[in-house]
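**Student:** One structure is given below, represented as structure tokens, and several questions about it will come after.
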Amino acid sequence: MTAMPSTFPRERNRRLGYDPQEVDRFIAVARSEFDRSGGALRSTDIRQTGFTMRRGGYATPAVDAALERLEDAFAVRERDAAVRTGGERAFYAGTRQLAKEIIGRLERQDGKRFTRVGFSRIGYSVADVDRFAREARSFFEDGSDVPVERVRSIAFRPKRGGYSEAQVDLLIDGLVEAMLSVR
């Protein structure tokens, strides 16, 4: 088997980038899964994929952009399949339910949206997450333009006693899923 030529630029001067072998393997699997109907790979799997960092690896912005395009393509395919099998009404009912759950979390009071980690542990900055939650809430309430790319790339400062990273990350994943389903 010959190596697949890469379309991703590499980091230079010993800077860290994504492990090329891991990225190439994942992209090959994703392409294969996309070509198969009923493949096991889902848009959420793509969103949650991570790669080992290596010196001289692939430039992370280029790989991240490709993963976003892949996620979008898989999400469209998933939406189309769900509409075909269950109908448009059922699909959007599920999307509305997800949106209601997200809105319920976003409507909580500042400082109380998520479980806090103990003071000696590091979590996400409560102020950063609450600021983002208000922005995301406006997407649902008044249709404010919050690009899905912004949600995907959001980063919160680490803070002692902050919000649970797992809970916040789950909300971010749900928010991206809801946004992609109505795109």
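The values are calculated or read from the model by the stated rules, or taken from the named source; none is laboratory data. Since the model is a prediction, treat every value here as computed from it, not as a measurement. Cβ: placed from backbone, ideal geometry, glycine included. Neighbour counts: every protein chain shown.
**Student:** With 140, 119, 132, 156 as the choices, which residue is closer than 30 Å to residue 27 by Cα and among the aromatic types (Phe, Trp, Tyr)?
**Tutor:** None of the others qualify; the one that does is 156.
**Student:** While we're on this one: Output the residues belonging to segment 125-152 that are of a type in the set (Ser, Thr, Tyr) and either touching a Ser or Thr at 6+ places or on another chain (Cβ under 8 Å) or within 18 Å of residue 181 (Cα to Cα) (or both).
**Tutor:** 138, 144
**Student:** Tell me, which residue of segment 46-87 that is crowded, with 16+ Cβ neighbours inside 10 Å and among the small types (Gly, Ala, Ser) is farthest from residue 13 (Cα to Cα)?
**Tutor:** 82
**Student:** Something else about it: Might you let me know whether segment 70-79 holds any residue that is under 20 Å from the mean Cα position of the chain (by Cα) and under 27 Å from residue 126 (Cα atoms)?
**Tutor:** Within segment 70-79, not a single residue is under 20 Å from the mean Cα position of the chain (by Cα) and under 27 Å from residue 126 (Cα atoms).
**Student:** Same structure again: Please go through segment 86-138 and give me each residue that is of a type in the set (Val, Ile, Thr) and either at positive phi or part of a loop (DSSP other than H, G, I, E, B) (or both), ordered by number.
**Tutor:** 115, 117
**Student:** Sticking with this structure for a sec: Among the residues of segment 77-105 satisfying the criterion of being without any contact (Cβ under 8 Å) to a residue 60 or more places away in the chain and aliphatic (A, V, I, L, M), which is farthest from residue 35 (Cα to Cα)?
**Tutor:** Among them, the one singled out is 103.
**Student:** Where residues in segment 133-166 are more than 25 Å from residue 64 (Cα to Cα) and in contact (Cβ under 8 Å) with a residue 40 or more places away in the chain, which of them is surrounded by the fewest Cβ atoms within 10 Å (Cβ to Cβ)?
**Tutor:** 160
**Student:** Something else now. Any chance segment 107-129 includes a residue that's under 16 Å from residue 43 (Cα atoms) and not aliphatic (A, V, I, L, M)?
**Tutor:** no
**Student:** Do we find a residue being at pLDDT 95 or above, of a type in the set (D, E, K, R) and in contact with a Gly (Cβ under 8 Å, 6 or more places away or on another chain) anywhere in segment 94-112?
**Tutor:** No, the conditions are met nowhere in segment 94-112.
**Student:** Got at least one residue in segment 162-182 being among the charged types (D, E, K, R) and farther than 28 Å from residue 45 by Cβ?
**Tutor:** Among the residues of segment 162-182, not one is among the charged types (D, E, K, R) and farther than 28 Å from residue 45 by Cβ, which makes the answer no.
**Student:** Among the residues of segment 105-132, which ones are among the hydroxyl-bearing types (Ser, Thr, Tyr) and either surrounded by fewer than 12 Cβ atoms within 10 Å (Cβ to Cβ) or not assigned by TED's automatic domain parsing to the domain that holds residue 165 (or both)?
**Tutor:** 115, 120
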